[in-house]
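Enquirer: Encoded as structure tokens, here's the structure I'll be asking about.
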Amino acid sequence: MRTPDGKETAQRLAREKLTHLVRRLLQAWKEPLSHFSQMISHHQELSNDSLHRAMQISNMVHELEIGVEKVTEKF
């Protein structure tokens with residue numbers, strides 16, 4: 001997946017293209033985060049903090065994806 005190589009390049013992209021790219025990046029993270037969360041939940045040697053943090057990140061990605069979808073609907 002090609003992404004802008006810097007802030008200035010990203011700012012020059014059309015809003016629709018940038019939003020589409022953000023959605024694709026979020027979708028690309030969804031499966032690995034889910035897999036990671038499942039894997040660490042089975043490792044007893046990891047602290048509850050690690051599991052909690054993984055779940056927080058997964059939830060944040062999900063919430064961000066919902067927000068980006070709402071913005072996309074306005075285009």
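The values are calculated or read from the model by the stated rules, or taken from the named source; none is laboratory data. Just so we're clear, the structure is a prediction, and the values are computed from it rather than from any experiment. So basically every Cβ, Gly included, is an ideal-geometry build from the backbone, and we count neighbours across all protein chains shown. SASA here: full protein model, heavy atoms, side chains in, ligands and nucleic acids out. Shrake-Rupley method; radii C 1.70, N 1.55, O 1.52, S 1.80 Å.
Enquirer: Describe numerically, in nm with one decimal, the distance between label points set 7 Å from Cα along Cα→Cβ at residue 25 and at residue 50.
Expert: 2.7
Enquirer: Which of rounded, prolate, oblate describes the chain, given a ≥ b ≥ c as roots of the alpha-carbon gyration tensor eigenvalues and a/c under 1.5 marking rounded, otherwise prolate only if a/b is larger than b/c?
Expert: Prolate, because a/c is 1.5 or more and a/b exceeds b/c.
Enquirer: Looking at the chain, which GluC sites (Glu not before Pro) are in a loop (DSSP not H, G, I, E or B) and have at most 12 other Cβ atoms within 10 Å? Walk me through the intermediate numbers first.
Expert: On the way: sites: 8, 16, 45, 63, 65, 69, 73; in loops: 45.
Filter output for the chain: 45.
Enquirer: Shifting gears a bit: Using only helices, what value at 222 nm comes out for the chain when you add -39,500 (n - 2.57) per DSSP H run of length 4 or more and divide by the total residues, to the nearest 500 deg cm²/dmol?
Expert: -27000 deg cm²/dmol
Enquirer: Something else about it: To the nearest 10 Å², what's residue 60's accessible area with a 1.4 Å probe?
Expert: Accessible area of residue 60: about 100 Å².
Enquirer: Expected output is a single nm value to one decimal: the length gained when fully extending between residue 39 and residue 74, i.e. 0.36 nm times separation in residues minus the C-alpha distance. What is it?
Expert: Working it through step by step, the gained length comes to 8.9 nm.
Enquirer: Related question: Over the range 5-62, average the accessible area per residue using a 1.4 Å probe and give it in Å², no decimals.
Expert: Working: 4760 Å² over 58 residues.
Here the per-residue accessible area is 82 Å².
Enquirer: Under the rule of at least 5 residues apart or a separate chain, name every residue whose amide H is placed under 5 Å from the amide H of residue 13.
Expert: Residues meeting the criterion, in which the H sits 1.01 Å from N, do not exist here.
Enquirer: Loop-only trypsin sites (Lys or Arg not before Pro) in the chain, please: DSSP not H, G, I, E or B, and at most 15 other Cβ atoms within 10 Å.
Expert: Here the sparse-neighbourhood loop sites are 2, 74.
Enquirer: Please turn the phi angles of the range 49-64 into ³J(HN,Hα) values with the Karplus equation 6.51 cos²θ - 1.76 cosθ + 1.60 (θ = phi - 60°), one per residue in order, whole Hz, x for glycine and proline.
Expert: 4, 5, 5, 4, 5, 4, 5, 4, 5, 4, 5, 5, 4, 4, 5, 5
Enquirer: Moving to a separate point now. Could you tell me what percent of the accessible area of the chain is made up of carbon and sulfur, with a 1.4 Å probe and every protein chain present? Can you show the working numbers first?
Expert: Numbers: 3390 of 6280 Å².
Answer for the chain: carbon and sulfur cover 54 percent of the accessible area.
Enquirer: Farthest toward the dipole's positive end in the chain, which of 67, 35, 18, given Cβ charges of +1 (Lys, Arg) and -1 (Asp, Glu) about the Cα centre?
Expert: 18
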